[in-house]
Amino acid sequence: MQEYQYFKQSGNPEVHAALVGISKQDWICVRFRENTNDAISTMSKYQFDILPKMNKDSSIDSYYRTVEWGKYSAENILLKKIESADKLYYLTNIRDVIRLMFESKRNFFFLTNHSEIVGLISISNLNCKHVALYYFNLINTLERRMGKFIHQHLATETILGSLQKLGEEKQIPSALDTVKRYKGDALKGLDGSIIEYLYLSDLFLLACEHHLYKLLGYKKQQDFDKRSGLLRGLRNAIAHPNKSLVKGPLSLNDLWKSSVKINELDERLSSLNI
């Protein structure tokens, strides 16, 4: 029965380039009668760094772009032909879009269905809700699995004692806050599993403090801890919807490196059947 497929769908939603980008039907572009001055005016008005130029037959084979992102002076805007390297299949998974932007050090792709250009995706589009929800799901799943992993190897009192010690000795407010919240609820008889109180940062601290990273196949703590700060930053950005995930090339690099770290940890947790 067709209905059964919905019981087996992946937990992570499918997000592709077309969902995140803008279609040819909806974008603002320069018409064939308009010139470079019109392009400069439009780009300056809307803060666009990429502006398609439409031909008389409505086809697209060129575009205006800023040489330096965010500057809209005449000497900083060029008319360019669309090359094969500028194109990307419109149903490319968003993870691969981000990877390709990172690897090629570029901020945009024209989206194609292999026959014609049908849309555009740029670095600014990565701040949409679909990308935020995609990463929220990844981080949420990782946090749950890391919590299960920690709780399999550490008793509640051990966790509380370690967080108290780390909070006092290393001046980590979040660790002390976790202990305070748990004990406060315990006094009211409202406490649940200790894992429900742990932040992602707490989970990393505990894995390091008790050398649990070795069970995940890491020989050195620095290898386990590498890029964990990026994951915490990503989690905080997702938790505050008014914050941008990507503000420029450097934050795009961080977003991709976060993806790599999430995948790395997922694979190692899966090897332990977690």
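The values are calculated or read from the model by the stated rules, or taken from the named source; none is laboratory data. Treat the numbers as computed from the prediction; the structure is a model and nothing was measured. Don't worry about glycine lacking a Cβ; one is built from the backbone with ideal geometry, like all the others, and counts go over all protein chains shown. SASA here: full protein model, heavy atoms, side chains in, ligands and nucleic acids out. Shrake-Rupley method; radii C 1.70, N 1.55, O 1.52, S 1.80 Å.
Note on the stretch 197-217: among residues that are in contact (Cβ under 8 Å) with a residue 40 or more places away in the chain and over 23 Å from the mean Cα position of the chain (by Cα), the one that is surrounded by the fewest Cβ atoms within 10 Å (Cβ to Cβ) is Gly217.
Residue count for the stretch 234-271, restricted to those that are open to solvent by less than 80 Å² (accessible area, probe 1.4 Å) and in contact with a helix residue (DSSP H, G or I) (Cβ under 7 Å, 6 or more places away or on another chain): 20.
If you scan the stretch 238-257, which residues turn out to be assigned to a helix (DSSP H, G or I) and either within 15 Å of Ser124 (Cβ to Cβ) or assigned by the TED database to the domain that holds Gln47 (or both)?
First pass over the stretch 238-257, keeping only residues assigned to a helix (DSSP H, G or I): 238-239, 249-257.
Passing the criteria: Pro249, Leu250, Ser251, Leu252, Leu255.
Number of residues in the stretch 11-26 that are open to solvent by 60 Å² or more (accessible area, probe 1.4 Å) and either farther than 23 Å from Arg95 by Cα or basic (Lys, Arg) (or both): the value is 2.
Residue selection: Ala132 satisfies the criterion of being among the small types (Gly, Ala, Ser), within 18 Å of Pro13 (Cα to Cα) and in a helix (DSSP H, G or I). Taking the criterion of being touching a residue at least 12 places away in the same chain (Cβ under 8 Å), open to solvent by 70 Å² or more (accessible area, probe 1.4 Å) and charged (D, E, K, R), the residues of the stretch 27-65 that qualify are Arg31, Lys56.
Of the residues that sit in the stretch 68-95 and are in a helix (DSSP H, G or I) and of a type in the set (S, T, N, Q), which one is most open to solvent (accessible area, probe 1.4 Å)? Out of the qualifying residues, it is Ser84.
When every residue of the stretch 258-273 is checked against the conditions, none turns out to be of a type in the set (Asp, Glu), free of Cβ contacts under 8 Å to residues at least 40 places away in the same chain, within 20 Å of Glu169 (Cβ to Cβ) and outside the structural domain of Lys105 (by the TED database). Taking residues in the stretch 223-250 that are free of Cβ contacts under 8 Å to residues at least 24 places away in the same chain, and partners anywhere that are among the aromatic types (Phe, Trp, Tyr) and open to solvent by less than 40 Å² (accessible area, probe 1.4 Å), the pairs with Cβ atoms closer than 7 Å and at least 6 places apart or on different chains are Phe224/Tyr213; Phe224/Tyr218; Asp225/Phe204.
Exactly one residue among Tyr218, Tyr213 is outside any helix (DSSP H, G or I) and not small (Gly, Ala, Ser), and that residue is Tyr218. Going through (1) over 21 Å from Asn140 (Cβ atoms); (2) modelled with pLDDT of 90 or more; (3) not in a helix (DSSP H, G or I) one by one, Ile274 falls short only on (1). Only one of the listed residues (Gly233, Gly147, Gly189, Gly229) is not hydroxyl-bearing (Ser, Thr, Tyr) and not in a helix (DSSP H, G or I). That residue is Gly189.
Residue under question is Ile98, and the condition is that it be surrounded by 19 or more Cβ atoms within 10 Å (Cβ to Cβ), in contact (Cβ under 8 Å) with a residue 12 or more places away in the chain and assigned to a helix (DSSP H, G or I); does it hold?
Working: surrounded by 19 or more Cβ atoms within 10 Å (Cβ to Cβ): yes; in contact (Cβ under 8 Å) with a residue 12 or more places away in the chain: yes; assigned to a helix (DSSP H, G or I): yes.
Here the answer is yes, as Ile98 does meet what is asked.
Exactly one residue out of Glu103, Glu168 is more than 24 Å from Lys261 (Cα to Cα) and either in the same structural domain as Pro241 (by the TED database) or open to solvent by 70 Å² or more (accessible area, probe 1.4 Å) (or both), and it is Glu168.
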